[in-house]
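*Asks:* Before I ask anything, here is the structure I am working with.
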Amino acid sequence: MSIERAATPWHLWVVGIVTLLWHSGGAVDYTMTQLRHEEYLQAAADQAGVSLQVILDYFTTFPAWADAAWAFGVWGGFFGSLLLLFRSRFALHAFAISLAGLAVSTIYQSTADMPAELNTAFTWIFTAIICAVLILLIIYSRAMAAKGVLS
């Protein structure tokens, strides 16, 4: 006996594609930072009004657990969006992992010795926006799973 899936609503494709693009930005940022891509980090330094060395010093001093939390946050969101497009119920779990990673990395950032130029209102507003997006994606995924769209 097979379980039938509900029809895929049009908004699932919109939410999935838009959030995949959103999370791709985080994936690029994480990857370029971890690879210490000089041109990318120099652009970030220029935008923040600090030297490249300040950026490198900050990111290279992350403890392993903070890097891991950042990775779970970034890749959980990215794969959650992919799983949503594949109509998998595991999208919900990936978004929850992403939110947990965000929470842990935010705790680290709020207690770390972050350079003042990087510790701006924009940083915290953007973090709040990411958190809100993830909470909405968790709610959305639960609703789609309850309707039988995700299996």
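The values are calculated or read from the model by the stated rules, or taken from the named source; none is laboratory data. Given the structure is predicted, the values throughout are model-derived calculations rather than measurements. Virtual Cβ from ideal backbone geometry, glycine too; neighbours counted across all protein chains shown.
*Asks:* Regarding Leu150, is this residue part of a loop (DSSP other than H, G, I, E, B), buried (at least 21 other Cβ atoms within 10 Å of the Cβ) and touching a Leu at 6+ places or on another chain (Cβ under 8 Å)? Explain how you work it out, then say what you get.
*Replies:* Values: part of a loop (DSSP other than H, G, I, E, B): yes; buried (at least 21 other Cβ atoms within 10 Å of the Cβ): yes; touching a Leu at 6+ places or on another chain (Cβ under 8 Å): yes.
In short, yes.
*Asks:* Can you find even one residue in the stretch 54-69 that is closer than 22 Å to Ala132 by Cα and in contact with a helix residue (DSSP H, G or I) (Cβ under 6 Å, 6 or more places away or on another chain)?
*Replies:* Keep residues of the stretch 54-69 that are closer than 22 Å to Ala132 by Cα, which gives 66-69.
Next cut, in contact with a helix residue (DSSP H, G or I) (Cβ under 6 Å, 6 or more places away or on another chain) only: 66, 69.
For the stretch 54-69, residues closer than 22 Å to Ala132 by Cα and in contact with a helix residue (DSSP H, G or I) (Cβ under 6 Å, 6 or more places away or on another chain): present.
*Asks:* Right, Gln42: in a helix (DSSP H, G or I), over 19 Å from the mean Cα position of the chain (by Cα) and of a type in the set (S, T, N, Q) or not? Quick ask: steps written out before the conclusion?
*Replies:* Details: in a helix (DSSP H, G or I): yes; over 19 Å from the mean Cα position of the chain (by Cα): yes; of a type in the set (S, T, N, Q): yes.
Yes, satisfied.
*Asks:* Now for a different question. Could you grab me the full set of residues in the stretch 95-113 that are modelled with pLDDT of 95 or more and among the β-branched types (Val, Ile, Thr)?
*Replies:* Ile97, Val104, Thr106, Ile107
*Asks:* Now for a separate question. Taking Ala64 and the conditions (1) closer than 24 Å to Thr106 by Cβ; (2) surrounded by 13 or more Cβ atoms within 10 Å (Cβ to Cβ), which numbered condition does it fall short on, given that it satisfies the others?
*Replies:* Condition not satisfied by Ala64: (2).
*Asks:* Return the residue satisfying two criteria in turn: it lies in the stretch 97-126 and is in contact with a Gly (Cβ under 7 Å, 6 or more places away or on another chain) and assigned to a helix (DSSP H, G or I), and of such residues it is farthest from Gly77 (Cα to Cα). Before the answer, list the steps.
*Replies:* Applying the first criterion (in contact with a Gly (Cβ under 7 Å, 6 or more places away or on another chain)) to the stretch 97-126 yields 97-98, 101-102, 105, 117.
Going one step further and asking which of them are assigned to a helix (DSSP H, G or I), we end up with 97-98, 101-102, 105.
Details: Ile97: 8, Ser98: 5, Gly101: 10, Leu102: 10, Ser105: 14 Å.
Within the stretch 97-126, the match that is farthest from Gly77 (Cα to Cα) is Ser105.
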